[in-house]
Structure formats: C-alpha cells, structure tokens
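Trainee: Sharing a structure, written as structure tokens. Questions coming.
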Amino acid sequence: MNVQLIPLQSHGDSRGSLVSLETHKNIPFDIKRVYYIFDTEKNVERGFHAHKDLKQLAIVVSGSCRFRLDDGKERISVYLDNPSQGLYIDSCIWREMYDFSKDCVLVVLASNHYDEADYIRDYEQFTRYVDESSSK
Ligand code: TYD
C-alpha cells in the first residue's frame, strides 16, 4: 500500500522541540494547502473518502488518533501520537480517522487546493475506480 510513516527530524534542546516541514526535503510533494482538525470527540469518525490525485501527509501535533487505510486490496490501521512522525498517504487510498483523543490536533499537508471533484466519497465507487485504474 502506498502509505509510509516518515520520520520528521526534531530539533530539540532544553527550550523544547521544533520540527520543520519543507517541500521536497521531508515532504514528498509541493505543499499547496494545510488544514487541521481539532475539537474532535472520542466516538466520532471522519474521512470516509479517497482522492483521485491528491497526496497528503498527516501529522498529529498533539494527542492521538487512528487511521484505517484501504487501497482496495488490503486494509491497515495506523496509530499516530508522535509530532515527529508524518503519515504519507498517496492518491487512491480510502481513509477513515477515528479514536481521536480530546486534545488531538491533526495537521494535514496537501499537494493541491481543495477540490470536491477530486473526492470519491462512496466506497463501492472507490473500489470500482481502483479496478478501472489498474486495468488501464
Ligand atoms: P470533510 O471532508 O467532511 O472532512 P473529513 O474528511 O475530515 O471528514 O470536510 C469538512 C468540511 O470542510 C466540508 O464542508 C469541506 C470543508 N473543507 C474545506 O473547505 N477545505 C478543506 O481543505 C477541507 C479538507 C475541507
């Protein structure tokens, strides 16, 4: 599956820690958009979509949450609780986020601007899209 945990170097000293995110240095795409999710509830699940083209990198800068990731062939679960680690999610991966801690702040870097036309929000449609793409 085209997902990867990317270690983000933390420049720590007695004053605290600092992580820097730079296009094509530790982030494998041009960063066109950044958004963050916070004030989440423990029992709320989000996501439930895939992107045709968009690539993203998710960082939990505070608290923790879990991702369910599915490329149409396999399904994995990833636990994020470390601000020095980024979860890279390639295009065409179905994602669901859940088990948010109260203090979770999930920052997402994206390779493009917000575009509803790039979303696949129906799981059956997603598996059809994956099958059609792989038979091309
Ligand atoms: P939504 O896609 O439902 O979030 P999630 O994938 O976490 O479940 O997005 C919530 C709302 O925010 C929805 O109305 C679309 C809007 N939105 C933007 O305006 N810009 C963005 O970059 C994103 C990601 C969402």
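Trainee: Filtering the range 22-35 down to residues that are of a type outside the set (A, V, I, L, M) and exposed (fewer than 14 other Cβ atoms within 10 Å of the Cβ), which residue is farthest from the ligand (Cβ to nearest atom)?
Mentor: Among residues in the range 22-35 that are of a type outside the set (A, V, I, L, M) and exposed (fewer than 14 other Cβ atoms within 10 Å of the Cβ), the one farthest from the ligand (Cβ to nearest atom) is K25.
Trainee: Within the range 36-55, identify whether any single residue is away from the ligand (no atom under 14 Å from the Cβ), in contact with a strand residue (DSSP E or B) (Cβ under 7 Å, 6 or more places away or on another chain), open to solvent by less than 70 Å² (accessible area, probe 1.4 Å) and of a type in the set (V, I, T), and answer yes or no.
Mentor: Within the range 36-55 (the criterion being away from the ligand (no atom under 14 Å from the Cβ), in contact with a strand residue (DSSP E or B) (Cβ under 7 Å, 6 or more places away or on another chain), open to solvent by less than 70 Å² (accessible area, probe 1.4 Å) and of a type in the set (V, I, T)), the answer is no, since none of the residues qualifies.
Trainee: Another one. Every residue in the range 112-134 that is within 11 Å of the ligand (Cβ to nearest atom) and polar (S, T, N, Q), please. Step through it out loud before you land on a result.
Mentor: Within the range 112-134, the subset within 11 Å of the ligand (Cβ to nearest atom) is 112-116, 118-119, 121.
Passing the criteria: only N112.
Trainee: How many residues does the range 106-136 contain that are in contact with a strand residue (DSSP E or B) (Cβ under 6 Å, 6 or more places away or on another chain) and either on the phi > 0 side of the Ramachandran plot or open to solvent by 90 Å² or more (accessible area, probe 1.4 Å) (or both)?
Mentor: Number satisfying all stated conditions: 2.
Trainee: Let me ask something additional. For residues that are open to solvent by 50 Å² or more (accessible area, probe 1.4 Å) and either within 12 Å of L106 (Cβ to Cβ) or acidic (D, E) (or both), tally how many sit in the range 71-87.
Mentor: Residues that pass the stated criteria total 3.
Trainee: Right, here's the next one. Looking at the range 96-105, is at least one residue open to solvent by 80 Å² or more (accessible area, probe 1.4 Å), away from the ligand (no atom under 16 Å from the Cβ) and under 30 Å from E132 (Cα atoms)? Before the answer, list the steps.
Mentor: Quick first cut of the range 96-105, residues open to solvent by 80 Å² or more (accessible area, probe 1.4 Å) only: 102-103.
Retained after the next criterion (residues that are away from the ligand (no atom under 16 Å from the Cβ)): 102-103.
Next, only the ones that are under 30 Å from E132 (Cα atoms) stay: none.
No.
The values are calculated or read from the model by the stated rules, or taken from the named source; none is laboratory data. Predicted model only: the values in this text are computed from it and were never measured. Glycine also receives a Cβ, built like all others from the backbone with ideal geometry; neighbour counts cover every protein chain displayed. Side chains included, ligands, DNA and RNA excluded: accessible areas come from the protein's heavy atoms. Shrake-Rupley method; radii C 1.70, N 1.55, O 1.52, S 1.80 Å.
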